[in-house]
Amino acid sequence: MSVSPSPITVDIWSDLICPFCWIGKRHFEQALEGFAGKDQVTVRHHAFRLGPDAPVAPVGQMLQQKYGLTAAQAEQNQARVEQMAAAAGLPMTLAGTFYGDTLKAHRLVKFAQDKGLGAQAVERLYRAYFAETQSLFDEATLVALAVEIGLDAAEAEAFLKTDRYADTVQEEQEFITMRGVQGVPFFVINDRYAVSGAQPVAGFTQVLNRAWDDLPPEVRSGPTCDDGVCR
């Protein structure tokens, strides 16, 4: 991974169809908003596919097959997650969503990152999938979402027909799985502190404060200026 210019770097591994990833992202953002050093934090998003090569299928069906749930139990499971999302201020509707390989969606995020629109792409895809029941497995939908965040339609359409960034997506997942991580969301702060799952806001606040306390005093106090020179 590239070196960050900021004294605090937060690396986030997530999948765009993972409800806990969107909830965890929002909890982290709420913690960051109240963090004293928020202007000195760089956030980097990394790909993690929960269903590599998985065929597209209804999420309820996947839950029943993967966890041995009944249809009613799967619905109850989804309702609990929706309540958790609502508590974080996120509109989430899981009925009608689909599960599958999110390689194309992750590649689109990488394309957007090249254009300086990575953060916008991640948030827009989450909202499209969870709040608007849009498919992230449909190229036309992905192109339309790309345009909404400011990407060129023709460029996005041509890009999705290639396999560009497929290796990058795979490498990002292998980087973290080789270190024993099997689920997302997963947050790493300054290559030192790890947070797994959609932890409460207070948990993220605690880790950010630890990372802040690790910094040299001159970094935490900001630049000093005298005689027309800032150091």
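The values are calculated or read from the model by the stated rules, or taken from the named source; none is laboratory data. Small disclaimer: the values here were computed from a predicted structure and weren't measured. Reconstructed Cβ throughout: ideal geometry from the backbone, glycine too, with neighbour counts over all protein chains shown. Heavy atoms of the whole protein, side chains included, go into the accessibility calculation; ligands, DNA and RNA do not. Shrake-Rupley method; radii C 1.70, N 1.55, O 1.52, S 1.80 Å.
Figures for the structure shown
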{"read-out": "Residue ID - farthest from R26 (Cα to Cα), chosen from residues in region 171-205 that are without any contact (Cβ under 8 Å) to a residue 12 or more places away in the chain and polar (S, T, N, Q)", "value": "T177"}
{"read-out": "Residue match in region 105-114 (condition: open to solvent by 40 Å² or more (accessible area, probe 1.4 Å) and farther than 15 Å from D15 by Cα)", "value": "yes"}
{"read-out": "Residues (in contact (Cβ under 8 Å) with a residue 40 or more places away in the chain, open to solvent by 40 Å² or more (accessible area, probe 1.4 Å) and not in a loop (DSSP other than H, G, I, E, B)) located in region 21-46", "value": "R26, Q30, Q40, V43, R44"}
{"read-out": "The one condition in (1) touching a residue at least 12 places away in the same chain (Cβ under 8 Å); (2) open to solvent by less than 60 Å² (accessible area, probe 1.4 Å); (3) farther than 25 Å from M84 by Cβ; (4) assigned to a helix (DSSP H, G or I) that L151 fails to fulfil", "value": "(4)"}
{"read-out": "Candidate set: region 83-104, residues that are among the polar types (S, T, N, Q) and crowded, with 18+ Cβ neighbours inside 10 Å; chosen: the one nearest to L151 (Cα to Cα)", "value": "T102"}
{"read-out": "Odd one out for E157 among (1) closer than 28 Å to L32 by Cα; (2) part of a helix (DSSP H, G or I); (3) at pLDDT 95 or above", "value": "(1)"}
{"read-out": "Residue count, region 164-176 (criterion: surrounded by 12 or more Cβ atoms within 10 Å (Cβ to Cβ) and either over 12 Å from F48 (Cα atoms) or among the hydrophobic types (A, V, I, L, M, F, W, C) (or both))", "value": "6"}
